[in-house]
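The values are calculated or read from the model by the stated rules, or taken from the named source; none is laboratory data. Predicted, not measured: the structure shown is a model, and the values here were computed from it. When we count neighbours, we look across all protein chains shown, and the Cβ atoms used for this are built from the backbone with ideal geometry, even at glycine.
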Amino acid sequence: MTGKSPIITMDISGREVTCMRQIFDREPKSLLSEIVKQTGSEKIFIDRDPNIMLLIINALRHPQLKIIAPDNFDNWNKLKEETLYWKLENINENVLKQNSTINTITVAYHGTLMFGKQGLSCDVNFRKIMRILVSGRTNICREVFGDTLNETRYGGGMGEENYTSRYYLKHTFLEQAFDCLMMNGFKFVSASTMTPQGMSDARYHDDHRFMHYNQFVFQRKG
C-alpha cells in the first residue's frame, strides 16, 4: 500500500465507482483483491456488468459482506456467477443464503395391473401406467425433462415463471422420470396414493378395479 492512494476509481464498462482500496482486503483471495494490489494506478478498468459489480462493491463495504439488492431485483443467478468468477467466497455464500430458492416438481400417474385372459391366475401381473403427469414451474420442468416433456396440453405460452399442471411425459417409465429429477439435483420429499377399493365390484373389469393414483413430490434448493 506504500505510495498508493487509499482511494481507487473503478471504471466498470463506462460507469465510474470510487471506493477505498482497503475494502478489497475483506476478500483477500479474490481476483478483485489481486488486481487492486498489483496496480499502482488510481483507476482500474473492468469490462463487466456495472449494475452487478456495484452490488458486489457495496457488499464489500457492508460489515457482514451482505448483498443489498433492490426489492425488484431478479438477477440472482447472474450475481452468483459473477461472485464465482471473481472468487468472492464469502459474498457468494451470502448470495446463496439470501436467495435460497426452492423448486418443486410433482410427478403423478394413474395406474393399474395388466390382466390377460387368465386374470388373477397369472403368476405375475405387471404394472400398467396410462400417463405420467408433471406439475411445476414451466422453465424448471423443461430443464429437467427436456424432449421427453409433452407440452401439447399446455396453453400458457413460453413464460418462464408460469406454473402448470398440464404437462405429461412422452413415455410411461416412472424410473426414467425419477432419474431425470435426481440427475438435476432434485430430492424426493413425499408421496401420497389412492389405493384400489377393498371390496371388488363385479360391474367393473379387473384392470378398473385395481386402478390407483400415486403422486411423488421432489424439491431442489438453489
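Listed by first and then second residue, the pairs linking a residue in the range 202-220 that is in the same structural domain as Met183 (by TED's automatic domain parsing) and part of a loop (DSSP other than H, G, I, E, B) to a residue that is modelled with pLDDT of 70 or more and among the hydroxyl-bearing types (Ser, Thr, Tyr), with Cβ atoms under 8 Å apart and 6 or more places separating them unless they lie on different chains, are Phe210/Thr112; Met211/Thr112. Restricting the range 40-98 to residues that are in a helix (DSSP H, G or I) and of a type in the set (S, T, N, Q) leaves a set whose member that is nearest to Gln22 (Cα to Cα) is Asn58. Can we say Tyr163 is at negative phi, at pLDDT 95 or above and surrounded by 11 or more Cβ atoms within 10 Å (Cβ to Cβ)? When the stated conditions are applied, Tyr163 does not pass them. Of the residues in the range 142-149, none is surrounded by 11 or more Cβ atoms within 10 Å (Cβ to Cβ), of a type in the set (Val, Ile, Thr), at pLDDT below 95 and farther than 16 Å from Gln215 by Cβ. Residues that are without any contact (Cβ under 8 Å) to a residue 60 or more places away in the chain and surrounded by 12 or more Cβ atoms within 10 Å (Cβ to Cβ) were ranked within the range 97-118; the one that is farthest from Ile8 (Cα to Cα) is Asn99.
Kindly provide the set of residues from the range 16-34 that are loosely packed, with under 15 Cβ neighbours inside 10 Å and over 18 Å from Val95 (Cβ atoms), ordered by number. Selection gives Glu16, Thr18, Met20, Gln22, Asp25, Pro28, Glu34. Just checking, does the range 20-32 include any residue being modelled with pLDDT of 95 or more and hydroxyl-bearing (Ser, Thr, Tyr)? Yes - at least one qualifying residue is present in the range 20-32.
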